[in-house]
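The values are calculated or read from the model by the stated rules, or taken from the named source; none is laboratory data. Just so it is clear, the structure is predicted and the values come from calculations on it, not from any experiment. Here the Cβ positions follow ideal geometry from the backbone for every residue, glycine too, while neighbour counts run over all protein chains shown. When the accessible area is computed, the model is the full protein with side chains, heavy atoms only, and any ligands, DNA or RNA have been set aside. Shrake-Rupley method; radii C 1.70, N 1.55, O 1.52, S 1.80 Å.
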Amino acid sequence: MREAATITEGEDKDPTKGVMMHADTPLAGRLMLDMTQGIAGPYCGRLMAEHGARVIKVEPPGGDWVRQIGGGPQGQSVNYLYYNLGKESIELDLKTPEAVALVKRIAAKADVVAESARPGATERLGLGYEAIRAVNPGVIYLSVSGFGQEGPRGRDPMTDTIAQAFSGMMSVNHGVDGIPHKIHTTIVDAITGLYAYQQVTMALMAQQTGQGGGQGGGRHIDVSLMQAAAAIMAPKVMEFAHYGETPASPNAPAGSYPTADGWIAITLVREAHFPAIAQAIGRPDLAEEPKYATFATRLENLAPLMAEISEATRQKTTAEWTGTFEEAGVLASPIHTFGDWLAAPQVVATQGAPLVQVSDGIQSPAPRSPGRAPMEGPAPAIGQHAAAIMEEFSGA
């Protein structure tokens, strides 16, 4: 790690070199100052860049901490590369007055300023909402945190795993071992980033249509992992409020079933689907049993029913069952690895994960945003655009 400096200059003096360009750029001309780290806040910034905004990422000495999390091409973290595509980077020590002054000069011209420090931290640095609003009354100021800006746990740290546990998400994700499990991807972080992007772009739209509130149309947006996790599980929370507990499954016997060489997922959304499943696995008698007649009765007798289906599915390969279920009109899919997904003809035909430049000289398949063409442009090296940014916002 390099010795920390007040302002670290990078080698690239062209702020637009390597920055993502896209044919459909509704946010072109917008400037976002991105002081966030990790995944949730940076994902919001990445989506801003994808839609045409210029995003200047401020990194602390040594860079965003997520650069050290997870592997990737040439030792670079894919977590950093993917969530920071198309941005510019400047490395600053925000504990110094010179760096704070530079950030304020950038913020004065920004449409959006984003931070993800613990509540109160940016205020102590002199970069909180009120301080930025003083130099830019119309600023959209985004705070991304674990628990939100208020409340008894407002200043507590939160990670994706903690968010899944705290929100109740893990309580409805039991494995066959009966143990509550986390979803093994940063699902809450990603969803939080999406909600943050939605709120920021809606605030920008409100300004454009004259509906923006606050001084100059500016506002402070509070987005937390806690609330994002709850929002995507709202029906489960409502089920609990209504029943006093969360039903194990609304569409029994949907689930994962073993095959002769792997696993297959089977689901159903109408009562008529169960007789089709029973017929397809060669057990039409299951659909004739009263205890399996409805979603409710199947849920009451789920364990023996799943055992019966599993015994049948073990007799053929995943590919064989896929064809059988398709012919029978049963909703089913092989349980893919990521390699299976990347190679799937449907994914290839729709450019689901095209090769994109993720770093200088490095390409990687990267799933594109739904409804969007593939991104172009790498994630920046630490402080890559510092010289040009410092010159542009020198205050001269």
Exercise for the section: For the chain, give the magnitude of the charge dipole about the Cα centre (Cβ charges: +1 Lys/Arg, -1 Asp/Glu; no others), in debye to the nearest 20. Expected result: 740 debye
Handout entry: Assigned charges on the beta-carbon of Lys, Arg, Asp, Glu; the range 49-203 dipole about Cα centre (debye)
Key = 240 debye
Handout entry: Rounded percent of accessible protein surface that carbon and sulfur make up, the chain, 1.4 Å probe
Key = 56 percent
Practice task
Would you indicate which of (i) 63, 47, 32; (ii) 83, 47, 42; (iii) 96, 58, 34 is the value of Cα extents along the principal axes in Å derived from the coordinates of this structure?
Solution key: (ii)
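Charges at C-beta only: +1 for Lys and Arg, -1 for Asp and Glu. How large is the resulting dipole of the range 275-318 about its Cα centre, in Debye rounded to 20?
180 debye
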Fill in the blank from the handout: Once the dipole of the chain is set up from charges on Cβ (+1 Lys and Arg, -1 Asp and Glu), the residue from the list T122, H51, F325 lying farthest towards its positive end is T122
Problem - D285 versus S171: modelled label distance in nm, points set 7 Å from Cα along the beta carbon direction - result: 4.0 nm
Handout entry: Dipole of the chain [Lys/Arg +1, Asp/Glu -1 at C-beta], most positive-end residue of I264, G41, L92
Key = L92
Practice task
Could you work out how far the C-alpha centroid of the range 176-201 sits from that of the range 279-301, in angstrom?
Solution key: 34 Å
Exercise for the section: Provide the per residue accessible area, probe 1.4 Å, for the chain, rounded to a whole number of square angstrom. Expected result: 49 Å²
Fill in the blank from the handout: Residues whose built amide H sits under 5 Å from the amide H of L92, excluding neighbours closer than 5 in sequence, are E59
Problem - Prolate/oblate/rounded label for the range 263-330 (Cα gyration tensor, a/c 1.5) - result: prolate
Handout entry: Alpha-carbon centroids, the range 63-115 and the range 324-394: separation in whole Å
Key = 21 Å
Problem - Net charge of neighbours whose Cβ lies under 13 Å from the Cβ of T313, counting Lys and Arg as +1 and Asp and Glu as -1 - result: -1
